[in-house]
Amino acid sequence: MQRILITGGAGFLGSHLCDRLIGDGHDVLCADNFFTGSKRNVAHLLNHPYFELMRHDVTFPLYVEVDRIYNLACPASPIHYQHDPVQTTKTSVHGAINMLGLAKRLDARILQASTSEVYGDPEVHPQTEGYWGRVNPIGLRSCYDEGKRCAETLFFDYHRQHDLDIKVVRIFNTYGPRMHPNDGRVVSNFIVQALRGEDITIYGDGSQTRSFCYVDDLVEVIVRMMDTERGFTGPVNIGNPGEFTMLELAEKVLSLVGGTSRLVFQPLPSDDPKQRQPDITLAREKLGWEPKVALEDGLKETIGYFRKLLVEGQA
């Protein structure tokens, strides 16, 4: 049994990671400020003897005793991270400094949940870990993109300067139950609009592509990365290399939900990437991992979750 801190642990991805690590027999401390996370996501764990929930904002120092740290804290959807862009940057940068400082004091292994957004609107397709990216440093998305890039810089400088045991993963689009219904991400948008019988909003002409990884697959590879030998730092791309256009995704959601929703087109948001697909060669070679859940199967689970939320008036 290890004592494990998960920042952002009540969020979409964090709560699934809590489930996995509790199931593996660990003692889990979940820290979240509940800006985008929800107690609902971890309510089923509250009575577990080895689970603890703490309201905490990572922009402030945290003094706890743990063996490992998963740093997931940061709003990850454009609607949420653009709501308070200064706070978003602080969460990425101050949060990284505080968690790295904690890890240094404890000599604990720490994993950073970075993002495919470090690649910006890429000129290289698919994106490999060696690609440095094409990011607008002063755009509407830069609070998140540059905040995460700076967090990676801090992680590697702590590793070089203090020999800290770090792991860095770059997460590509992930979906599944417990996504926030109003997070503005394409999967949740399409599903909720289809379930409500509303028009499905497609930005641009629908030809831009994304790769969608089901949350169970992603949690598996995050845990595998944390368990790699000391000295293997990453960064490692994690996501599903299957590539779909927005039109293809919308049509797949409509076919699964049914109903009479129409597709409507709106202008493309500022700095929205035209293509996003991970090269997961490194994850295959070093972690022995590749995603298993097909898009249609994952969408069925996600649709079921959102349908229940709508019935309960939670969305």
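The values are calculated or read from the model by the stated rules, or taken from the named source; none is laboratory data. Given the structure is predicted, the values throughout are model-derived calculations rather than measurements. Note: ideal-geometry Cβ built from the backbone for every residue, glycine included; neighbour counts use all protein chains shown. Side chains are part of the model used for accessible areas, which takes the heavy atoms of the whole protein and leaves out ligands, DNA and RNA. Shrake-Rupley method; radii C 1.70, N 1.55, O 1.52, S 1.80 Å.
Six or more apart or on different chains, Cβ atoms under 9 Å: show the pairs whose first residue is in the stretch 132-148 and open to solvent by 80 Å² or more (accessible area, probe 1.4 Å) and whose second is polar (S, T, N, Q).
Listed pairs, sorted by first residue: Leu140/Gln82; Leu140/Ser270.
Taking the stretch 176-213 as the search range and keeping residues that are in contact with a Leu (Cβ under 8 Å, 6 or more places away or on another chain) and part of a strand (DSSP E or B), which one is surrounded by the fewest Cβ atoms within 10 Å (Cβ to Cβ)?
Filtering the stretch 176-213 for residues that are in contact with a Leu (Cβ under 8 Å, 6 or more places away or on another chain) and part of a strand (DSSP E or B), the one surrounded by the fewest Cβ atoms within 10 Å (Cβ to Cβ) comes out as Tyr203.
How many residues does the stretch 27-70 contain that are touching a Phe, Trp or Tyr at 6+ places or on another chain (Cβ under 9 Å) and either under 21 Å from Arg109 (Cα atoms) or open to solvent by 50 Å² or more (accessible area, probe 1.4 Å) (or both)?
Count: 6.
Which condition from (1) among the β-branched types (Val, Ile, Thr); (2) surrounded by 13 or more Cβ atoms within 10 Å (Cβ to Cβ); (3) not in a loop (DSSP other than H, G, I, E, B) is the one that Thr233 breaks?
Looking at each condition in turn, Thr233 falls short on (3).
Among the residues of the stretch 197-233, which ones are modelled with pLDDT of 95 or more and among the charged types (D, E, K, R)?
Asp216, Asp217, Glu220, Arg224, Asp227, Glu229, Arg230
Kindly list, by first and then second residue, each pair from a residue in the stretch 283-301 that is assigned to a loop (DSSP other than H, G, I, E, B) to a residue that is among the small types (Gly, Ala, Ser) and at pLDDT 95 or above, limited to pairs with Cβ atoms under 9 Å and residues at least 6 apart or on different chains.
Note: pairs meeting the criteria are Trp289/Ala283; Glu290/Ala283; Pro291/Gly239; Val293/Gly176.
Could you check how many residues of the stretch 149-172 are open to solvent by less than 50 Å² (accessible area, probe 1.4 Å), under 22 Å from Arg230 (Cβ atoms) and in a loop (DSSP other than H, G, I, E, B)?
2
In the set Ile110, Ile97, which member is open to solvent by less than 40 Å² (accessible area, probe 1.4 Å), touching a Leu at 6+ places or on another chain (Cβ under 8 Å) and not polar (S, T, N, Q)?
The conditions single out Ile110.
For Leu62, only one of the following conditions fails: (1) over 20 Å from Val168 (Cα atoms); (2) modelled with pLDDT under 95; (3) touching a Leu at 6+ places or on another chain (Cβ under 9 Å). What is its number?
(2)
Would you say Arg20 is under 16 Å from the mean Cα position of the chain (by Cα), open to solvent by 20 Å² or more (accessible area, probe 1.4 Å) and modelled with pLDDT of 95 or more?
So Arg20 fits the description; yes.
Among the residues of the stretch 246-289, count how many are of a type outside the set (Val, Ile, Thr), within 20 Å of the chain's Cα centre (by Cα) and surrounded by 14 or more Cβ atoms within 10 Å (Cβ to Cβ).
Result for the stretch 246-289: 14.
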